[in-house]
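A.B. asks: I'd like to ask you about the structure that follows.
The values are calculated or read from the model by the stated rules, or taken from the named source; none is laboratory data. Source: prediction; values computed, not measured. Backbone-built Cβ (ideal geometry, glycine too); neighbour counts: all protein chains shown. Please note that ligands, DNA and RNA were not included when accessible areas were found on the heavy atoms of the full protein model with its side chains. Shrake-Rupley method; radii C 1.70, N 1.55, O 1.52, S 1.80 Å.
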Amino acid sequence: MLAGSAGAFFALTSKKGSAFATQTRRVTVNANSEIGTIKPELHGHFAEHLGSCTYGGLWVGKNSSTPNINGYRKDAVEWLKALGVPVLRWPGGCFADDYHWRDGIGPVEKRPKRVNMWWGRYVEDNSFGTHEFIGLCRLIGAEPYLAGNLGSGTPAELRDWTEYCNYPEGSTLADERIANGAREPFKVKYWGVGNENWGCGGNMSAAEYAAVYKRYATFLGGRGGWGSTDHYLIACGPNSNNVQWSREFLETIGQRLRMVHGFAMHYYSRGDALPTKFTVENVQKQLSTFDGMEKAVVQQNSILRSFEPEGRIGLLVDEWGVWDRMDPDEEKRLGRLWQQITIRSAVASAMGLNVFHRHANKLVMGNIAQIVNVLHSMLLTEGDRCIRTPAYYAFDLMKVHRGRTSLTVDTESKGPLEVSVSASRQGGSLAVSFVNPKHDEMARVECSLTGVRARGATGRILTHSDFNACNTFDKPDTVAPAGHKVEASGDKVSLDLPPMSIVTAVVDLA
Ligand code: AHR
């Protein structure tokens, strides 16, 4: 970010009886300065066998009284399809390293019952397995990403899962898949080789993990896969910005670096209060973490590039999002890590996506945790009811950027809570997303365009005057998007950004 002229002035604006200072923010979008394509996968998602994410959230079962499509919750399918889920990671998380894929195939009544050791020790009946997951991906149009078990499995087990999914026909495993109802290979490209192996995935050191990773990767088909799909093997990266983990892993893997296609870091933004009880201090502390996330992406990428300058290995953030304090009663009623989502969580989503857009040349995927009912979710369910969270609408507002070319943006950044911006272009259309993370300050945005001229614009906004506002089952539309005035002409675009707001302006170029 570049410092422009300060150019700020203050005014007092009255909004519903409260006074907000208004500050002018100057921004420049450089249409001739391209960063790279915003891969749709940067807007990816994650579903685990955790709480009511998979069971009860996405999957209600074929005999459920909840409206469903072959067992998948109908509202969830329709809303996720409308949002677009470019890629969906499953079955964990920590659950992945205790999951044995064979438990989840074949006749449902014969599937074994296991204890989900990580998330509540409930009995997992395996009624949602590989075929059900692939079915969901097809219904919502998502690319599947399977997280394999390295912590408690064997290389043979994971190897067989890849063959079961992807070998076209004629091998015993491929024919078993066909007998189980899937004639066509699943064509799964993304394979996680373990998850958080520094913690729940086996408590390994980076050097230990690198040794085990090499052994697994040797048997996973690699490029060329099993004839139907290239396998993209994803290694476990650091927790937040743990540079020591990354360096030690990359050093130890040494000559076998070519066996790594992706390197996945996790970055959670902790909250110090129950989601709807945040104080100003809690809001500021959590939203400030996105500055740390941006620095982590930059630093982890430069470590990767120092070992592999060609840029073949992609960096992923395959778990991210806000992780607030949980209400034990709510967790008991609605499932582990069930978390209400507020406008503040939506602002956090948009700040995260802006980081990904600004570093589109460094990242290949981002998966917010998790898609339904767990942590930073898009949808919340209770019984038959399903609602869209403010985070869903934040993703919806940012959706226009997918597949476009990210452009550099100069702002007058004065710290982590400054207006956050990302911009992208496709042909005659320029999209710019602005986020105001301040709870008490209106921003008047004066945006200059270099290299292009505007002839009009439309805008959409997500905002609420109460940063703890959320959608509930009784009031599902408390936080919902609306149209927003954006002025655009020549090399100028201007708009107002209320406190706690996200605006995406789509500018028609001359
Ligand atoms: O998303 C919840 C948990 O967070 C995942 O299971 C784990 O990978 C991470 O610690």
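A.B. asks: Which condition number does GLY93 fail, the rest of (1) surrounded by fewer than 20 Cβ atoms within 10 Å (Cβ to Cβ); (2) within 28 Å of LEU316 (Cα to Cα) being met?
C.D. replies: Status for GLY93: all satisfied but (1).
A.B. asks: Kindly check whether there is at least one residue in the stretch 43-56 that is more than 16 Å from the ligand (Cβ to nearest atom) and charged (D, E, K, R).
C.D. replies: no
A.B. asks: For residues that are of a type outside the set (Gly, Ala, Ser) and either on the phi > 0 side of the Ramachandran plot or open to solvent by 40 Å² or more (accessible area, probe 1.4 Å) (or both), scanning just the stretch 29-40, find the one that is farthest from the chain's Cα centre (by Cα). Step through it out loud before you land on a result.
C.D. replies: We begin by selecting, within the stretch 29-40, every residue of a type outside the set (Gly, Ala, Ser); these are 29-30, 32, 34-35, 37-40.
Pick out the ones that are also either on the phi > 0 side of the Ramachandran plot or open to solvent by 40 Å² or more (accessible area, probe 1.4 Å) (or both) and you get 32, 34, 37, 39-40.
Numbers: ASN32: 28, GLU34: 23, THR37: 17, LYS39: 12, PRO40: 11 Å.
That would be ASN32.
A.B. asks: So, in the stretch 109-122, of the ones that are open to solvent by less than 70 Å² (accessible area, probe 1.4 Å) and either farther than 14 Å from THR54 by Cβ or among the hydrophobic types (A, V, I, L, M, F, W, C) (or both), which residue ends up modelled with the lowest pLDDT? If you could, list the steps in order and put the result at the bottom.
C.D. replies: Going residue by residue through the stretch 109-122, those that are open to solvent by less than 70 Å² (accessible area, probe 1.4 Å) are 111-112, 116, 119-120, 122.
Within this subset, residues satisfying the condition of being either farther than 14 Å from THR54 by Cβ or among the hydrophobic types (A, V, I, L, M, F, W, C) (or both) are 111-112, 119.
Details: ARG111: 98, PRO112: 98, TRP119: 95.
The selected residue is TRP119.
A.B. asks: Farther than 19 Å from ILE38 by Cα, at pLDDT 95 or above, open to solvent by 10 Å² or more (accessible area, probe 1.4 Å) and of a type outside the set (A, V, I, L, M): does that describe ASP327? Full working, then the answer.
C.D. replies: Numbers: farther than 19 Å from ILE38 by Cα: yes; at pLDDT 95 or above: no; open to solvent by 10 Å² or more (accessible area, probe 1.4 Å): yes; of a type outside the set (A, V, I, L, M): yes.
It is false that ASP327 is farther than 19 Å from ILE38 by Cα, at pLDDT 95 or above, open to solvent by 10 Å² or more (accessible area, probe 1.4 Å) and of a type outside the set (A, V, I, L, M).
A.B. asks: Oh, and also: Please enumerate the residues belonging to the stretch 159-203 that are part of a loop (DSSP other than H, G, I, E, B) and within 16 Å of the ligand (Cβ to nearest atom).
C.D. replies: Scanning the stretch 159-203 gives GLY194, ASN195, GLU196, ASN197, TRP198, GLY199, CYS200, GLY201, GLY202, ASN203.
A.B. asks: Being buried (at least 18 other Cβ atoms within 10 Å of the Cβ) and part of a strand (DSSP E or B) is the filter here, so list the residues in the stretch 481-493 that pass it.
C.D. replies: Correct list: HIS484, ALA488, VAL493.
A.B. asks: Would you confirm, using the coordinates I've provided, whether ASN63 is within 30 Å of LEU397 (Cβ to Cβ) and either out of contact with any Asp or Glu (no Cβ under 9 Å at 6 or more places or on another chain) or surrounded by fewer than 16 Cβ atoms within 10 Å (Cβ to Cβ) (or both)? Spell out how you get there, then give the answer.
C.D. replies: Details: within 30 Å of LEU397 (Cβ to Cβ): no; either out of contact with any Asp or Glu (no Cβ under 9 Å at 6 or more places or on another chain) or surrounded by fewer than 16 Cβ atoms within 10 Å (Cβ to Cβ) (or both): yes.
No; evaluated as a whole, the condition is false for this residue.
A.B. asks: Kindly list the number of the only condition in (1) within 16 Å of the ligand (Cβ to nearest atom); (2) of a type in the set (Phe, Trp, Tyr); (3) open to solvent by 50 Å² or more (accessible area, probe 1.4 Å) that fails for TYR209.
C.D. replies: Among (1) within 16 Å of the ligand (Cβ to nearest atom); (2) of a type in the set (Phe, Trp, Tyr); (3) open to solvent by 50 Å² or more (accessible area, probe 1.4 Å), TYR209 violates only (3).
A.B. asks: Taking the condition within 16 Å of the ligand (Cβ to nearest atom), surrounded by fewer than 20 Cβ atoms within 10 Å (Cβ to Cβ) and either within 27 Å of MET265 (Cα to Cα) or within 18 Å of the chain's Cα centre (by Cα) (or both), does TRP79 pass?
C.D. replies: Details: within 16 Å of the ligand (Cβ to nearest atom): no; surrounded by fewer than 20 Cβ atoms within 10 Å (Cβ to Cβ): yes; either within 27 Å of MET265 (Cα to Cα) or within 18 Å of the chain's Cα centre (by Cα) (or both): yes.
So TRP79 does not fit the description; no.
A.B. asks: What are the pairs, 6+ residues apart or on separate chains, where a residue within the stretch 63-83 that is under 15 Å from PHE133 (Cβ atoms) has its Cβ under 6 Å from a residue that is open to solvent by less than 40 Å² (accessible area, probe 1.4 Å) and aromatic (Phe, Trp, Tyr)?
C.D. replies: So the pair list comes out as GLY71/TRP59.
A.B. asks: Looking only at residues that are assigned to a strand (DSSP E or B) and in contact with a Phe, Trp or Tyr (Cβ under 9 Å, 6 or more places away or on another chain) in the stretch 57-76, which one is farthest from the ligand (Cβ to nearest atom)? Full working, then the answer.
C.D. replies: Keep residues of the stretch 57-76 that are assigned to a strand (DSSP E or B), which gives 59, 68-69, 72-73.
With the extra rule that they be in contact with a Phe, Trp or Tyr (Cβ under 9 Å, 6 or more places away or on another chain), the set shrinks to 59, 68, 72-73.
On the way: TRP59: 18, ASN68: 25, TYR72: 21, ARG73: 20 Å.
The selected residue is ASN68.
A.B. asks: Do any helices (runs of 4 or more DSSP H) lying entirely in the stretch 235-334 carry at least 3 residues that are more than 16 Å from the ligand (Cβ to nearest atom) and touching a residue at least 40 places away in the same chain (Cβ under 8 Å), and which ones are they? First the steps, then the outcome.
C.D. replies: Values: elements: 243-253, 280-307, 328-334.
Result: 243-253, 280-307.
A.B. asks: Filtering the stretch 204-225 down to residues that are assigned to a loop (DSSP other than H, G, I, E, B) and in contact (Cβ under 8 Å) with a residue 40 or more places away in the chain, which residue is farthest from ARG312 (Cα to Cα)?
C.D. replies: SER205
A.B. asks: Out of curiosity, is GLU132 part of a helix (DSSP H, G or I) and open to solvent by 30 Å² or more (accessible area, probe 1.4 Å)?
C.D. replies: Values: part of a helix (DSSP H, G or I): yes; open to solvent by 30 Å² or more (accessible area, probe 1.4 Å): no.
The answer is no for GLU132.
A.B. asks: Taking the condition within 23 Å of LYS39 (Cα to Cα), touching a residue at least 40 places away in the same chain (Cβ under 8 Å) and not β-branched (Val, Ile, Thr), does MET442 pass?
C.D. replies: Numbers: within 23 Å of LYS39 (Cα to Cα): no; touching a residue at least 40 places away in the same chain (Cβ under 8 Å): yes; not β-branched (Val, Ile, Thr): yes.
Criteria not met by MET442.
A.B. asks: Could I ask something else about it? Evaluate the stretch 402-419: report whether one residue or more is closer than 29 Å to GLN286 by Cβ, of a type in the set (D, E, K, R) and in contact with a helix residue (DSSP H, G or I) (Cβ under 7 Å, 6 or more places away or on another chain).
C.D. replies: In the first step, residues of the stretch 402-419 are kept if they are closer than 29 Å to GLN286 by Cβ; the result is 402, 404, 406-419.
The next check asks that each one be of a type in the set (D, E, K, R); those that pass are 402, 404, 410, 412, 414, 418.
If we keep only those that are in contact with a helix residue (DSSP H, G or I) (Cβ under 7 Å, 6 or more places away or on another chain) too, we end up with 402.
Within the stretch 402-419, one or more residues are closer than 29 Å to GLN286 by Cβ, of a type in the set (D, E, K, R) and in contact with a helix residue (DSSP H, G or I) (Cβ under 7 Å, 6 or more places away or on another chain).
A.B. asks: If you don't mind, another one. Can you spot a residue in the stretch 423-431 that is closer than 25 Å to VAL364 by Cα and hydroxyl-bearing (Ser, Thr, Tyr)?
C.D. replies: So in the stretch 423-431, the residues closer than 25 Å to VAL364 by Cα come out as 423-427, 429-431.
Now narrow it down to the ones that are hydroxyl-bearing (Ser, Thr, Tyr): 424, 429.
Yes, there is a match, as at least one residue in the stretch 423-431 is closer than 25 Å to VAL364 by Cα and hydroxyl-bearing (Ser, Thr, Tyr).
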